[in-house]
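The numbers here are math on the coordinates, done by the rules we state, and not lab data. None of the values given here were measured: they were computed from a predicted structure. Please note: Cβ atoms are built from the backbone with ideal geometry, for glycine as well, and neighbour counts cover all protein chains shown.
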Amino acid sequence: MQWASALCETTRPTEALEGLAAGLAPLIQESAEPAGGEQGGEPGIDLLLLFVSPQLRPHANELTRRLRERLSPKVMLGCTGAGVIGAGRELELQPGVSALAGRLPGVELRPFRLDGDELPTPDDPPGRWVELLGVPPQPTPHFLLLCEPGGGTDPNRLLEGLDFAYPQSTIVGGLASDSPSNLLFLDQGVHHEGVVGVALTGNVALDPVVAQGCRAVGPTLTVTECQHNLLLGLDGKRPTEVLEDLYRDLAGSDASLLERSLHLGVASTGLLDESSEPEFLIRNVIGADPRRGILAVGALLRRGQRVRFHLRDGAAAKEDLAQHLRRYQAQGHATSPTGAVLFSCTGRGEHLYGEPDHDTRLFRELLGPTLPVGGFFCAGEIGPVGADTCLLGYTSSFGVFRPLE
């Protein structure tokens, strides 16, 4: 398994084509060399992931057509994004195009496209999803997804259904972020709505590294009263009382951060015993009513859930990503990655860190300085938190590719 990443900063499709071809040339040339003295080589690219900035959107049809003619990928998948990532760089709000290309022996690729009105209902059996995607659940497939956020497809319903039908699969992806004129690419097609994706099966592992960019503060608490997304009671106390106690315990900088960047982590693994610490799905605190002592949260709540308050800033995001990458190293797979795709929030990058290329640079510092990484800045990120695949915000969701054998 081999990957290569390329990035070209330009507004011209011909320059973009030549820049990507030059960046991917080592992969193409190596894979095209005859093996064992035989004549003819294997196709250079099995999977091509393509991400295009808004400045190149008017040329998307021409660019995708010429890339297919030039590089002959078996499957091409991509979208427009507010920023693109590749070759060790993160272009934010700048014109450019990035590509991540893989040669994947022993891997079967099954591309698919869905419209919002095609999605099965929650009452449908898993086989309805299998039939719709044309992807059998065994051997275990792994999914890359790209969604148009305004096209009538409910990402949460999509992810719940895929988890239901493919419980052992890894699913990562993102929402296109060139709104209101997003484009999705799949092979010969350029689409304005829906979902495009590819399932990978065979000799491939897709390891998720999901960093939500927050730091926990205060104790883990239990929801004792709630109504939909309104938090009415925490450990039998009013939520605003809990926050007042927390505020008094925090140092000056954290106390200030609590006033402007407060989030609630909701246990992603359901109702747990008191001895276990869950992974938390980070959701915004979107309002407060001090008179009634309640909070409004960007998530549906239920009694018995465990929650914990979190803060987000550049320092917390740096620490969080480093912890997740080191945890991945400790799992023992970090010596064999061959490439990675990065779906990062438009709210991260230089705006959050005060410096460019942070997440890509830290990833390569810890996992390999030459590891190819490509991706884009998303309007929402997809990745697993605990046992559930979730639609996330302010997150960097990596999918790390490695061979099983």
Helix 358-367 versus the longest principal axis of the chain: what angle, 0 to 90°, nearest 10, using Cα atoms?
70 degrees
Give me 247, 328 sorted ascending by neighbouring Cβ count inside 10 Å, so fewest comes first.
247, 328
Note to self: C-alpha centroids of the range 181-233 and the range 340-405 sit apart, in Å, by 12 Å
Taking θ as phi - 60°, what are the ³J(HN,Hα) couplings along the range 294-303 by the Karplus curve (6.51, -1.76, 1.60), each to the nearest whole Hz, with x for Gly and Pro?
10, 10, 9, 10, x, 7, 7, 10, 8, 4
Running a GNM on the chain with Cα contacts under 10 Å, which residue among 210, 307, 341 ends up with the highest mean-square fluctuation?
307
Counting each DSSP H run of 4 or more residues in the chain as -39500 (n - 2.57), what helix-only mean residue ellipticity at 222 nm follows after dividing by all residues, to the nearest 500 deg cm²/dmol?
-8000 deg cm²/dmol
Convex hull around the C-alpha positions of the chain: the volume in Å³ per residue is 148 Å³
Comparing 246, 342, 146 in a Gaussian network model of the chain (Cα, 10 Å), the one with the largest mean-square fluctuation is 246
For residue 322 paired with residue 68, estimate the spin-label separation in nm (one decimal), with each label point 7 Å from Cα along the Cα-to-Cβ line.
4.6 nm
Cβ-placed point charges (K, R +1; D, E -1), dipole of the range 69-167 about Cα centre in debye, nearest 20
600 debye
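Based only on the alpha carbon positions, what is the Kirkwood hydrodynamic radius of the range 1-158, in angstrom? Numbers along the way, then the final one.
Details: mean 1/r = 0.0574 Å⁻¹.
Roughly 17.4 Å, rounded to one decimal.
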Taking the Cα atoms of the range 215-311, what is the range of coordinates along each of the three principal axes, in descending order and whole Å?
34, 28, 21
Acute angle (nearest 10 degrees) that the helix 13-32 long axis makes with the longest principal axis of the chain, alpha-carbon atoms
80 degrees
Gaussian network model of the chain, Cα springs within a sub-10 Å range: biggest mean-square fluctuation belongs to which of 236, 83, 213?
236
